[in-house]
1. Is it the case that B:LEU140 is part of a helix (DSSP H, G or I), more than 7 Å from chain E (Cβ to nearest Cβ), closer than 16 Å to E:GLY86 by Cα and of a type outside the set (Gly, Ala, Ser)?
2. Would you confirm, using the coordinates I've provided, whether C:PHE227 is assigned to a helix (DSSP H, G or I) and among the aromatic types (Phe, Trp, Tyr)?
3. Quick test for you: out of C:ALA153, C:ALA163, C:ALA147, pick the one residue that is under 22 Å from the mean Cα position of the chain (by Cα), more than 8 Å from chain E (Cβ to nearest Cβ) and not hydroxyl-bearing (Ser, Thr, Tyr).
4. Going by the structure shown, is A:LEU420 among the aliphatic types (A, V, I, L, M) and surrounded by fewer than 24 Cβ atoms within 10 Å (Cβ to Cβ)?
5. Which residue out of A:LEU217, A:LEU238, A:LEU172, A:LEU176 is under 22 Å from the mean Cα position of the chain (by Cα) and either more than 11 Å from chain C (Cβ to nearest Cβ) or more than 30 Å from A:THR116 (Cβ to Cβ) (or both)?
6. Among the residues of the range D:95-110, is there at least one that is closer than 30 Å to E:VAL81 by Cβ, more than 7 Å from chain E (Cβ to nearest Cβ), in contact with a Gly (Cβ under 7 Å, 6 or more places away or on another chain) and of a type in the set (A, V, I, L, M, F, W, C)?
7. Would you mind telling me which numbered condition in (1) within 11 Å of chain E (Cβ to nearest Cβ); (2) of a type in the set (Val, Ile, Thr); (3) within 30 Å of D:VAL98 (Cα to Cα) B:ILE45 fails?
8. Run C:HIS230 past the list (1) at pLDDT 90 or above; (2) away from chain E (no Cβ under 14 Å) and report the number of the one that doesn't hold.
Amino acid sequence: MHHIETYISVIPLYAVLVSIAVVPLILMSARNANLREFWTILAGVIKFGLVLTLAPDALQNKAAEFTIIEIAPSVDLVLRADPFGIYFALIASGLWILTSFYSIGYMRGAGEKKQTRYFASFAVCLSATIGIAFSGNLLTFIIFYEILTIATYPLVIHKETKVAIAAGRKYLIYTLTAGLFLIAASAITFILTDTMEFSAGGIFDSTVIPKNTMIILFMLFLCGVGVKAGIIPFHSWLPAAMAAPTPVSALLHAVAVVKSGVFGVVRIVGFIFGPEVMSSYGLNIILIVFSGSTIIIGSLLALRQDNLKRRLAYSTVSHLSYIVLGAALLTSSGFTGGIFHIATHATMKITLFFCAGAIYVNLHKENVSELDGIGKVMPWTMASFTIGALGLAGIPPINGFVSKWFLGIGALEANQIIVLVIFIISGLLNIGYFFPIIQRAYFKEGYDITKNREASMFMVVPLVITALLSLLMGFYPDLLLDFYSIASGISSSLIGGAGL
Amino acid sequence: MQHRIASPIILLVSRFITPYIMLYGFYVIFHGHYGPGGGFQGGAILAAAVLLIRIVNDPEVYEIHFKSSFGIPFGAAGVLIFFGIGFIAMVLGGNFLDYSYLPLVGLTQADVRSTGILLIEIGVAFAVMAILVSLYDNLLGEENV
Amino acid sequence: MIIRNLPAIIPLLFLAAALLIPLINLLKKNSAFSIAVFVSLLASVVSGYGLYYVDTNETIRYSFGGWQPPIGIEYVYDRLAAFVALVINVISLIVITHSLKAVKEELSDREMPYYAITMLLLCGLNGIVLTGDIFNLYVFVEISSLAGYALIAVGEERSPFAAFRYLLIGTIGASLYLLGVGFLFIMTGTLNMINLAQILPSINETPTVIVAVTLMVSGIGIKTAIFPMHGWLPDSYTYAPSTTSALIAPIGTKVGAYVLFRLLFFIFGIDYFSRILPVGDLIAFFASAGIIFGSIMAIAQKELKRMLAYSSVAQIGYIALGIGLANPLGFIGAVLHVLNHAFMKACLFLIAANLRINEGHSDISKFDIKLGKKYPWTFAAFTIAALSMIGLPPMAGFFSKWYLVLATIDSKAWFYLGVILLSSLLNAVYFFRILERIYMKKYSSDEIKEEVVFAGNPNKYEGGLSLLIPVVLLAAGIIVLGLFNASIVSLINRMIS
Amino acid sequence: MFSELFLEYYDYWFIIILMIVGMYGMIMKKNLVKKIIGLTIFQMGIILFYVASAVKWKATVPIYTPSVPNTEIANYINPLPHTLMLTAIVVGVATLGVAFALLIMIYNRYKTLHEPELLERMK
Amino acid sequence: MKYFNYLIIIAFGAMLIYASLGLPQRGPASEVASQETSIAGTVLPSAYYIKNAYRDANTPNMVTVVLADYRSIDTLGEEVVIFTAGLICYMLLWRKRKNAA
């Protein structure tokens, strides 16, 4: 629980603003699709570059801080790029570049309308996500959280069909309500502690607050961030929101929105309540119950889905709770595994969604039962899909195994055998709902295979890259960006002991 | 509406009585310093005199007497007298409506105040008369035409 | 000289304008609008400077006629008064600037009296804000109320009856207030607010004073349209001319709320909240009922202006709730919401006015994507204002709600916390309903022909820059107020310190 | 005991009755003109209440005459409520004028001043 | 609704009667409002007016002095009210007269 050294730097602000800054450019170049998408990708590259310059700080346990404005007396609108924030920002901004390329292929391939609005909202979403990552206190977090809610809405309803609009309404009701709970919880926190800063190890003084208050407060927080984190029973917007175009599902529902929720859970567990308060008030039990049941129920629900994207959505619901459960264990390995799972799940799930989108654009198939023999039609796509699916099931040497390994150790450290059992069951269920797809794709006859028909290069290249990333991170967890080291660093700052 | 012809007696009496009503109105205004009365009451009596003519006569006559389109501007002018006196006091360095700053030389301060009161009472009377007549014109206008 | 006379100058400027408009109209027709704009610009500048001066120096106490209070009447220009006066004048400046087309359209031949009465309304409102004498307050309440009735009565066909109901209820309110003043005068012998605040603590448990407080608070409550005394508001705002709604909705009821601040926090004192009468609890209870009622009724409305009117009932509830909670955070929330809601409602009502001028209706059931395409900037402003009404950060509306939430938690009023949160959701329902229509409602098939006609849009700049710029300015103001609310909050903090 | 109470307060009580009558007229009467009459009665009640509060036994009207010294407060009744009520009366007149103007507008549009009928015709 | 209205009226009456219990006796010059200083020790206006109105403005009618000098802004407000009423009637009913004429 050592304090992070901070220094003042404008880079976090630039990183947040860069994608909002291109929104006017995107809107102005509505007539010229190539120029418009050039802006998107330019912003993505710049943003990623900016976050990358902060990455060394994360390893040295330093944090760039920038106070934008004093938004309320004694509460600043402050951006602080601490290791956890940088970690999340790296994932989000890195995958945005790939998604942008993929979006170009997908949107043009599927002939979607209103692409300008789509790319503009996308850019705002990314700004909000980076803002969430770099939020230095709860109020800043809320502000970006709500911006993300609103900016995602146009993406969810993008198709403007009845289904999409209904999904949009559902999404809004869930997330806005959650936002209100979050506001209430933050307000209570502010009254109780006079501060809203995120600080490793928590801000509560565990001796003075009665237990009931603490439990109610924690439940409010859980409702607040749990909706975006897809914790059952707050999850049902997530499958509904699959009505959105696939890149949206991919980025937002595998990376930005849901991961913001999970990020929020970890922030609140680790940086508002702190492991000590969590365990002394027994709050971790609540979290374990919720997330454990979510893992099992989510997987079971996934088994029943025929629509590929919905199956992936329920899989997301289940996997998000891995991360929450990792945090709930309150052990060093638990945190490491959970936080590392943010990265691994992002790479794997985005691969799967990319594949689903490619299949939809190419063959207009949405259901699992229609995928017979597709492995021969789209070999690259299905190979990547297989990697992602196996990774999610936790099969080595794909990176999903690494995070699950640490989660398992964390469960042992915390003496929670039941959690270990949950992980094992869920792994089996993962195999249960992914294996049929692979089996249909490769071992059933379906399509006329006279000709390989991969989707456009814009789509195939990104999904192959993400699949390769998943694979390589399994061998070298510190590949490219030191995700693993950062994750263990964060967990050691939370628990105090050295990470594994 | 049909054209009305007032009876000669009413015409005559109203013509005879109107100046006295007006005179009484002025008395009430100026006697406000020494007894019950003042601008509002006096103004109301003046308005009564004007209204008597309005009730009795046709528009051709009473429009000469007091043009109905002048009601609002006259009222504004009346309030402006009140306002202006206060404003002069303010310009000359006092507070708004501080009569002791009025530029009346050769009077004691109490007398200056007394004069100030008189002046604004005149403004009040003027405004009240004009507005009451205007109220009558507007409320009952369609019947008169 | 200007500084010393500042409290007198602000209302008197408007009075002078109201007097000069009929006179100048005799010489030069159609000059009313320019005089009105000029005077409200002047008043905004003066009150802006006044706020700066009062904040950096000390409260200006101005005695009319040179008679020291309580012999004469004094005006008290403190931070709170200066703040509310500035809000009134800035909003009125923007609305009046916008009004040229609307008034031409709706009241073609009555411009002169309309602007003169508008000036009188503003004179009355500024007088209410500045005065330090409870009877003088009554006089100015009546000036502004009478002007308000008239401005409402020149609207649509049903407006005279709406205005008449407003007149009856409003006069009852003013009379109750006057009766309360009478009781207080008999018991204390003074009418000066500061004196009353000194005298009242020693007698505030006598029945007469308790009844006086009740009468005054409920009288002003009627003027403020606190639930359940809001009955006059929806009809009046709906049938009034567009400019009137845009003028009265943001600032008219806010001034009532301001009087409640003055009465409860500065004259009767905190004793009445805690010990003698459950004023605070009652106000907070009715406020929360009003919040829920107003929001639900707003959802049920099919007409934009009527929806906004009911939403006003709810939003006044927020302010009243802040007053009723009677803690510093609640005060901050309420005062901040006076400002924020003035901007939001002015923006929304001006948008409704624009729609009526350009489209001839503001019927929600006829809204569709065509409208959104035709008026992109207008509806961008609408979106901002709507998000602010819902209370989403970083719009201004979020922060006033934030302080109200903090206030409810501070006084452990969990029920009211729930009400605020629930009402945010209800707000979201009725605003997103419109946003969905504007941005997504498809044309029905027979309307496609019409679209071709609209392709060559004759209305450049969405009906003219004079309509668009005020709306956009207000929307920008909402964001700016949100970002810079810390300095406003610290100003409010200085008001109560 | 009761007679004392009555003698000291009877004017207040009559004024209260007056106000209640006014309020009854305003709330319960269906005709808009009667509502206005009620309003006026109510206002008159308040005005009388103020004026009644100014009274002092054995005092004279507040007009200074040298034979009655003004150093003794008990010699003149309280001038302030009267002044206030002069203002209130004018305000009442103004309100009445506006109310009648509105009534004329309503009557011209709907040809009735009976409230239920009016509501019926407004549909 | 009707009974509710009765209830309002009765409640109003009851409140006023309750208030009258705390009112001072009518008539004696010792009444609070007529004193020179209030119970908190501040100057009260009524007594001041009686004593000083003639001296200050050389006008015997105290009501006139109070109306037009001490509380002159009230009177200005009153004038504005009546002016407002005139303007309002002009605005509301003006069109009709023009048409008829």
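The values are calculated or read from the model by the stated rules, or taken from the named source; none is laboratory data. Values in this document were obtained by computation on a predicted structure and should not be read as measured data. Please note: Cβ atoms are built from the backbone with ideal geometry, for glycine as well, and neighbour counts cover all protein chains shown.
1. Criteria met by B:LEU140.
2. So C:PHE227 does not fit the description; no.
3. C:ALA163
4. Yes, satisfied.
5. It is A:LEU238.
6. Among the residues of the range D:95-110, not one is closer than 30 Å to E:VAL81 by Cβ, more than 7 Å from chain E (Cβ to nearest Cβ), in contact with a Gly (Cβ under 7 Å, 6 or more places away or on another chain) and of a type in the set (A, V, I, L, M, F, W, C), which makes the answer no.
7. Every condition holds for B:ILE45 apart from (1).
8. Failing condition for C:HIS230: (1).
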